[in-house]
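Only one structure is covered here, and it is reproduced in the block below.
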Amino acid sequence: MPHSEQDDDCAIKPILLVKSGGETALPEWRELFGTYAPFLDVRSWDDISVDPEHVKYALVWQPEPGRLASYPNLRLVLSSAAGVDHITTDPTWPKHLPLLRASTDESAQRMGEYVCLAALALLKDLPRLVKQQTAKDWQPFETVRSAPETQVGILGLGKLGLRCASMLMALGFQVSSWSRSAKRVDGVRSYTGEEGLRTMLLSSHIVVCLLPSTPETAGMLNRDTLALLPEGAGLINVARGSHVVRDDMMAALDSARLSGAVLDVFEQEPLPPDDALWRHPRVLVTPHIASIASRRARVEFFCRQIAAHRENRPLEGVFDISRGY
């Protein structure tokens, strides 16, 4: 329900519980929140001395099922990441409360940097270069095309996708996009709907998955959709591992239908040491780092949202349960 700052008990600071980065990260979280929101009492998620009645905010990553629902006066749930499925998989999470993604400008910038790096790695066949260096094998080779001759198709054109599109275009790539609703972005050919998806994939030399995690998007990159890509296309997945049917992707890589893949997300994380993806010659694996914003950037963002909530102003980065993102 709407409230104002006066609703807080003046004698007791509202508690912000933190479960992100472990106990070693807590001093930095405390220092940062002390700078931007000194009225908060920042406590560890595992602090057994905390009175549940006084917990007003929770900044979390993968909270145990049922835990968020145990705080009767919780006002905001803050996801320490841009995604929220690590929270919403708990059937008891308090759906009546605003759930905020870490939707920072820094996250968008870092995602853009990662996607540009990945696109250039596929364009220049970095997996082959790494393999040759490991083998001390001096074999010059020519790549197929340069950036202006390369069409990059972005699946999902939200805040992160928009930043990726602008940065890719600055490198000279041609950019198209597919999204749930029609978008108008200068320089980007935008598509929507089933036929739009087919059209975009048919012309995409590199496809970037930035889709939200919903039942509709699960398994969206499968044998049929991957077969639409031009022979030798590349894949960049920075969304969720569930978007890709792994066996179909592996078959496409093994047959060279896909020339390479840069993967930052997986259905099982951490990726097990014996997983075949670590050793695949056409795959670059990174440990879910594409858009992790600094703690300072996340604290600045969340403190602005806490202040807006206390003053009954609109919030940014709110998870829309009806859309699933």
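Under 5 Å from the amide H of Ala82 lie the amide H atoms of Ala102, each residue being 5 or more positions distant or on a separate chain, with H modelled from the backbone and absent for Pro and chain starts. How would the range 198-276 be classified by its alpha-carbon gyration tensor: rounded, prolate or oblate, with rounded meaning a/c under 1.5 and the a/b versus b/c comparison settling the rest? Judged from the Cα gyration tensor, the range 198-276 comes out oblate (a/c at least 1.5, b/c at or above a/b).
For the chain, the dipole from Cβ point charges (+1 on Lys and Arg, -1 on Asp and Glu) about the Cα centre works out to 760 debye, to the nearest 20. In a reduced charge model with +1 at each Lys and Arg Cβ and -1 at each Asp and Glu Cβ, the range 203-283 shows a dipole moment near 180 debye about its Cα centre.
DSSP assigns beta bridges within the range 174-270; of those with both partners inside it, close to 5 percent run antiparallel. For a straight C-alpha distance cut-off of 24 angstrom, the lysines reachable from Lys159 (same-chain residues fewer than eight places away being disregarded) are Lys95, Lys183. The value obtained for the chain, namely the Cα convex hull volume divided by the number of residues, is 153 Å³ per residue. Of the residues Ala58, Leu74, Phe33, the one whose Cα sits farthest towards the positive end of the charge dipole of the range 13-96 is Leu74 (charges of +1 on Lys and Arg Cβ, -1 on Asp and Glu Cβ, taken about the Cα centre).
Projected label points at Asp90 and Asp254, each 7 Å from Cα along the beta carbon direction, are separated by 4.0 nanometres. With only the Cα atoms considered, the range 107-285 has a convex hull volume of 117 Å³ per residue.
Every number in this text was worked out from the coordinates using simple rules, so none of it is lab data. A quick note: this is a predicted structure, and the numbers were derived from the prediction, not measured. Neighbour counts run over all protein chains shown; Cβ positions are idealised from the backbone, glycine included.
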